[in-house]
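Here's the structure we're looking at; comments come further down.
The values are calculated or read from the model by the stated rules, or taken from the named source; none is laboratory data. Remember, predicted model here, so these are calculated numbers, not experimental data. Every residue, glycine as well, gets a Cβ built from its backbone with ideal geometry; the counts of neighbours run over all protein chains shown. Protein only, heavy atoms only, side chains kept; ligands, DNA and RNA dropped before computing areas. Shrake-Rupley method; radii C 1.70, N 1.55, O 1.52, S 1.80 Å.
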Amino acid sequence: MTDAARIAWVDEQCRLMAGIREEIAQTRPFDGLTIGSAIHLEPKTAALVATLRAGGAEVVATGNLGSTQPGTVAHLRSNGVRVVGEPTRDRAVRARHIDEVLDAEPQLLLDNGGDLFLRYLERPYAGLLGGTEETTSGRQVLEPHRAALGLPVLVINDSPIKAFAENQHGVGQSVLESYLRFTNRITHGERVVVVGYGWCGRGVADTFRNARSQVTVVDADPVMCLRALMDGFRTTSLETALADADVVVTVTGGGRVLGPEHTDLLRDGVILANAGHEPDEIDLAAIEAQPGATACETLPDVRSVTFADGRTVHVLGSGHMVNLAGPGARGNSIQSMDIGFSLQTLCLAQVATGAVGPQDCVVPVPRAVDVAVAEGYLALKGMR
């Protein structure tokens with residue numbers, strides 16, 4: 001399937017956004033406004049950008065580390081969207097891309113990890129109305145800066161719909177699909193360790209269990225461990241879990257999880273994958289730098305590290321988000337992203353039209369938006 005055909009397929013399947021696109025093409029909530037975005041650039045994002053533009057917005061977009069798909073960039077540019085930069089895994093390069101987005105002084109920001117809003121605080125400009133933050137990790141970054149921001153910022157990940165539809169079901173499914181795409185290995189009977197039991201981790205654990213894997217959950221929070229236990233998973237310490245793992249998936253969204261201090265615990269041939277927001281949950285550079293270690297690419301975008309004692313570990317996507325890394329990456333399912341990006345569109349419209357104000361700084365999606373998206377999707381399924 002060509003990039004153009006895939007983008008067209010995705011756009012056709014985003015039926016919830018199609019309805020919103022028709023509506024905001026009439027109401028034009030974004031007339032005269034520029035939206036600066038810093039989210040994963042892949043075909044579902046192209047459908048989101050088309051929807052925002054239908055509502056009158058100019059869009060200046062850049063991608064995230066390790067997830068930008070060239071076909072999507074080319075499509076957006078050919079349709080008059082300003083896309084900043086090319087695919088990169090270099091943090092310094094992406095920081096320059098963030099600056100270039102802010103150089104356009106957009107009135108709305110569509111952030112993914114807090115990078116745009118944090119940089120705005122360092123180099124403020126007049127006219128910013130507010131915007132949205134996609135992730136929980138971004139919300140955690142921005143919460144201490146509420147007073148300094150003083151603008152409406154709606155956190156999409158704090159919508160219950162986003163939590164179960166995209167994070168639990170969408171991420172869970174796409175991580176399993178990506179594991180199969182990278183490895184072509186069996187899941188039945190494999191010992192899978194999931195590190196992190198938030199909504200995304202819950203979905204990953206559920207999906208691998210449904211694929212007949214033996215799943216162990218690790219979480220630093222005893223409450224989450226209790227939840228995992230009562231959901232039917234084995235829970236134990238990270239050290240104990242790693243000792244017999246065939247597959248380890250990190251999905252904490254909270255920074256470094258695995259490093260050289262853990263490699264002595266890993267079995268020969270273990271597969272490591274990161275499904276967290278940032279590519280530092282697996283400290284691949286430090287793992288490769290251990291005395292006597294050698295590393296090479298054994299499959300496209302799979303780094304295999306052999307230690308001095310002869311054991312080898314395989315890191316999918318070189319530690320970047322596994323469902324958006326490597327050749328043939330598809331990301332989350334279209335329907336789950338259709339729901340999530342519908343939330344994004346309606347929340348940005350709330351900010352643009354003044355329906356929310358400075359008191360709504362780093363807060364969850366308004367209940368009215370959740371209801372509108374739920375009603376819309378149920379109607380598409382013939383259930384309303």
Rounded to 5, percent antiparallel among DSSP beta bridges of the chain: 20 percent
Top mean-square fluctuation among M337, M224, M17, Gaussian network model of the chain, C-alpha springs under 10 Å? M224
Here the FRET efficiency for A374 versus A25, based on Cβ atoms and R0 = 25 Å and rounded to 0.05, is 0.65
Helix-only [θ] at 222 nm, the chain, -39500 (n - 2.57) per DSSP H run of 4+, per residue, nearest 500, equals -12000 deg cm²/dmol
In nm, to one decimal, how far is the modelled label at A95 from the one at S237, with both set 7 Å along Cα→Cβ? 3.7 nm
Could you list the trypsin sites (Lys or Arg not before Pro) in region 187-238 that lie in coil according to DSSP, counting only those with at most 15 other Cβ atoms within 10 Å of their Cβ? R212
For E105 and E261 in one chain, what is 0.36 nm times their gap in residues minus the Cα-Cα distance, to one decimal in nm? 51.8 nm
Under the 7 Å Cα-to-Cβ spin-label approximation, L121 and R384 lie apart by a distance in nanometres of 3.6 nm
For the chain, accessible area per residue (1.4 Å probe, heavy atoms of protein chains only), Å²: 40 Å²
Suppose each label sits 7 Å from its Cα in the direction of the beta carbon; what would the A4-A289 distance come out to in nanometres? 4.6 nm
Cα centroid separation, region 53-110 to region 305-384 (Å): 17 Å
Just for the Cα atoms in the chain, what are the lengths along the principal axes, largest first, rounded to whole Å? 63, 46, 45
The Kirkwood hydrodynamic radius of region 284-330, taken as the inverse of the mean 1/r over all distinct Cα pairs, in Å, comes to 11.0 Å
Can you give the FRET efficiency to the nearest 0.05 for V223 and S78, using r as the Cβ-Cβ distance and R₀ = 41 Å? 0.25
